[in-house]
Amino acid sequence: MPVQLTLTFIILGITVVLFMTNKIRADLVAILALLAFVLTGILTPVEALSGFSNSVVIMIAALFVIGAGILRTGLAQMAGTLLLRYSGDSEERLFILLLVIVASVGAFMSNTGTVALMLPIVISIAISINSSPSKYLIPLSYMASFSGLLTLIASPPNLIISQMLVDNGYEKLGFFQITPIGVIGVIIGLIYLYSIRNSLLPKGKKASNSNQAQKLSTKQLAADYKLGGNLYVVKIPEGSEMIGKRLAQLKIPATYKLCILKISRKSKEGLNLLPMTYQEMAGPNSIIQPKDRLYVQGSADNVEQFIEDYGLAMERGTSETDELVSKQLGIAEVLLTPHSKLINETLRTINFREKYNLNILGINRQGEYVVKDMSKQKLRFGDALLVQGSWDSIELLSRETNNVVVIGQPKEHASMAAASGKASIAGAIMILMVLLMVFEVFPAVISVLIGATLMILTGCVRNMDDAYGQINWESIILIGAMLPMATALENTGGMVLLSEGIIQLLGGLGPLGVLGGIFLLTMTFGQFISNTATAVLFAPIGLSAALSIGVSPYPFLIAVAVGASMAFSTPVASPTNALVMTAGGYQFKDFVKIGVPLQFIMLVVMMIAIPILFPF
């Protein structure tokens, strides 16, 4: 055996062992394997890095952004609520219905896209029923893989074998020609996953509703500080004497003992061309404009006097506490550190508003909430302050760790606020992306990039920084580093060796024996390299094996497509497994104990089904 071929199998073997031991992070293991191939001369640097330019890697990164938009706009929660309504109180019915929906969606788009779109929905559902996402995410990934066999466009291996047939003078596969195989796979997968859901699937810990907490925490803060009865919204009518004046000129705090927290007005912002309300924190230099809405904090009597003196209009039917949070402005709770310079100082003397560009709405002093005459209160250690202002100012305050500690994650709150109320927009973007992929208007990666870009432009994802922050870089590095391993096997002649070995070993058993060998080998290698790479490498082997024994190539190429899609036993070959691994908190062994039995079941079932549906 040539030295480089031996080295290739050694590197792959060590890589698999490291993946299984789980002592080194999976993405670091993949990088080490990639470096080993380069240092041994098996791959050139260009070949080694080619995986990171692969369209699959780009598409997965963009799908993370789309998933973030679906989650933050509340679309995932809405879909989960609808699903829960149809499933009733039965967790078993929910489990089955969820997998059926995944299979239906996956029939018309890639399994990776299906998982990326369904992932936030499934997590939202698990949280809402106080269950662990780990109970649902492996089934989600596996069912998405089965759905890849339902139509010609649902999985790259289907397109690869169809093109292989055309290139060799055979009829290409029809759009639904492979569907019967896919239906069998979905049924078997559904029965298996339902049967083992309480035995083999990790129970995990009950998920804390972190996303819901981020979304509701601002409302909870407003309720805790009893702001509802202390906040008012007044509107500036046309012709008001306040128009054109700065707030400093009006001397509202001194005259009425009121604090103007923010000003909102209709506007358009940048590329966010949808009708929206622009909001800014009120300051001494803020200039009043017609139809401005002022958010005023103070007593009811003082507010009424203010409205009467200036001829303003009180807005009715408005939930002031809900509107404290917007794309531009938000609230957060701040704790004083033990050695804070703010202790024993009053809000007036520390010039908190001028220094941090934030308003203080209330003080929590050992469970007692102070919202009136706060400027005279001396701050004490243990006090919590409710602050309000721009998200950027709150984020800057969070870095002031010597004096204060901001509770929670301002960036997450800001992102949720920016996407609030845009679920219909996120849904429309998702539908557009699916249609572009179904009708093949553009290559799949371009359709996904269009969807991700629209999520950002419409504000479903706050900005580019937020978009980059939503990408799971561990998954991206892992997949990009693993893709070139197929090239290493091809360069060293490993694939040719395997093809010849199958025919020599199993040729005496007839077409069914060779078919079983092709399926088993494809499925085995499919655990460690992508389904696309597996299909590219084994489609010629399957075709060659069929022609060498004088039978139809269709069952052999179908076996390659099915085997390449059965990546259930490891998290590294299938992007869908990589996507759910981190989200579900799975280990390598979880995929082994759940996936290996399923693969043996599918081997037996497909050796019966494929020859019947695609005769030799």
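The values are calculated or read from the model by the stated rules, or taken from the named source; none is laboratory data. Note that the structure is a prediction, hence the values are computed from the model and not measured. Surface accessibility is based on the protein's heavy atoms, side chains included, excluding ligands, DNA and RNA. Shrake-Rupley method; radii C 1.70, N 1.55, O 1.52, S 1.80 Å.
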- Note on the structure: From highest to lowest solvent-accessible area (probe 1.4 Å; ligands, DNA and RNA excluded), Y310, Y369 read Y369, Y310
- Note on the structure: For the stretch 102-166, dividing by residue count, accessible area per residue (probe 1.4 Å) in Å² works out to 19
- Per the 1.4 Å probe, what fraction of the accessible area of the stretch 559-604, in percent, lies on carbon and sulfur atoms? 70
- With a 1.4 Å probe and all protein chains in place, put Y86, Y142 in order of accessible area, largest first. Y86, Y142
- Query: Can you give the accessible area of R246 in Å² (nearest 10), computed on protein heavy atoms with a 1.4 Å probe?
  - Reply: 100
- Accessible area of the stretch 29-170 belonging to carbon and sulfur atoms, whole % at 1.4 Å probe: 66
- For the cross-link pairs K135/K172; K23/K135; K266/K341; K172/K593, which exceed 28 Å when the distance is taken from alpha carbon to alpha carbon? K135/K172; K266/K341; K172/K593
- Query: Looking at the square roots a ≥ b ≥ c of the eigenvalues of the Cα gyration tensor of the stretch 1-79, which shape do they give, rounded for a/c under 1.5, prolate if a/b is larger than b/c, or oblate?
  - Reply: prolate
